[in-house]
Amino acid sequence: MVFKNLNFDSMLYLLTIFVDSQDHSIYKSITIFLISFFSNTFSAISGGGAGLFQLPALILSGVPYYQALASHKLATVALGIGGSLRNYKSLRNDIYIAVQILIFGLPGVIFGASLVEFISEQYLYLILGVFSILLAFYSFIRSDLGLTSVNNNLNFIHKIRFLIFIFFIGILNGSISSGTGLLVTILLIKTFGMDFLRAISLTFFTVGIFWNFTGAIYLSKIGTVPQNILFLLLIGSFAGGYFGAHLSKLKGNVLVKKTFTTVCLLVGISLFIKSIMSFF
């Protein structure tokens, strides 16, 4: 007799309680781990783009945006460590460049993270989305780009321009996160004549570990990072980073270049759509 007095809203509320009481944690955990592993595997091969799948997955699982962004950044630190462990030998000759990226990039990351609550991200998404698509097109038409290392003779203007770009990419990394590893990778290739494997190794070490850790610490002040999800992300990111770096070493620059171009295109389309939808 009690059920006769239940309206639709009451029945929906009871159904919600029933569904939430079921043990879905194991399936959710497996899903988050697999998404983290595969997205970071592709990121380790291409030099960036883990946020294309990992960040939306966190948001869809119910994690608030700022907490999801902080969790994602902490997870990409594990990606950077995993990738750097596999490629640490190639870093020894580029320590001087790494120091420059940290000195001029970290202030940009901190500044960008401090703006994340106040800026309208839709225009940044649009600009970075279009730029990533153009980057994919450029990588596609330049068939020799990043396949071999060359020694570029840099003058003072080239060096200053590199440091300015690093600072502004750092701002993007601290604020919207997505795609900035790809930008640093292509900047290293164009400025210093690195091949993809060398540039990505340096991106792992600087952006993956230090930039993302700094941004994550700053963003974690906004809200508490969910510990159970973070643990899965760290394991999946580390494993994916190491495995992806291993594949890239095994298959060489041709595979890395193709993956880089594909991920740039996907990231660009994703950011472009996200920007357009935010206007409505």
Angle between the chain longest axis and helix 25-46 axis [Cα atoms, degrees, rounded to 10]: 20 degrees
Restraint check, Lys89/Lys159; Lys73/Lys249; Lys190/Lys258; Lys89/Lys190; Lys73/Lys258, Cα-Cα greater than 20 Å: Lys89/Lys159; Lys73/Lys249; Lys89/Lys190; Lys73/Lys258
Could you give the size of the charge dipole of region 29-278 about its Cα centre, using +1 on the Cβ of each K and R and -1 on the Cβ of each D and E, expressed in debye and rounded to the nearest 20? 520 debye
Under a 10 Å cutoff between Cα atoms, tell me which one of Leu247, Leu234, Leu197 has the largest fluctuation in the Gaussian network model of the chain. Leu247
Taking R0 as 35 Å, what's the FRET efficiency between Arg92 and Ile164 from their Cβ-Cβ distance, rounded to 0.05? 0.85
Which is the longest run of the chain containing none of the trypsin sites (Lys or Arg not before Pro) found in DSSP loop states (not H, G, I, E, B) with at most 16 other C-beta atoms within 10 Å? 1-141
Compute the long axis of helix 156-175 from its Cα atoms, compare it with the longest principal axis of the Cα atoms of the chain, and write down the angle in degrees, 0 to 90, nearest 10. 10 degrees
The alpha-carbon center of region 113-170 and that of region 28-91 are separated, in whole Å, by 21 Å
Rounded to the nearest 500, what is the chain's calculated 222 nm mean residue ellipticity when only DSSP H runs of at least 4 contribute -39500 (n - 2.57) each, over all residues? -25000 deg cm²/dmol
Select from Leu79, Leu250, Leu126 the residue whose mean-square fluctuation is largest in a Gaussian network model of the chain (Cα-Cα springs shorter than 10 Å). Leu250
Please name which of Ile81, Val99, Ile133 has its Cα lying farthest along the dipole of the chain towards the positive end, using unit charges on Cβ (Lys, Arg +1; Asp, Glu -1) and the Cα centre as origin. Val99
Degrees separating the helix 95-115 axis from the principal Cα axis of the chain, which is the longest one: 40 degrees
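Computed from the coordinates by the stated procedures, all read-outs in this text should not be read as laboratory data. Because the structure is predicted, anything quoted here is derived from the model rather than measured. Positions of Cβ are generated from backbone atoms using ideal geometry, with glycine treated the same way; all protein chains shown enter the neighbour counts.
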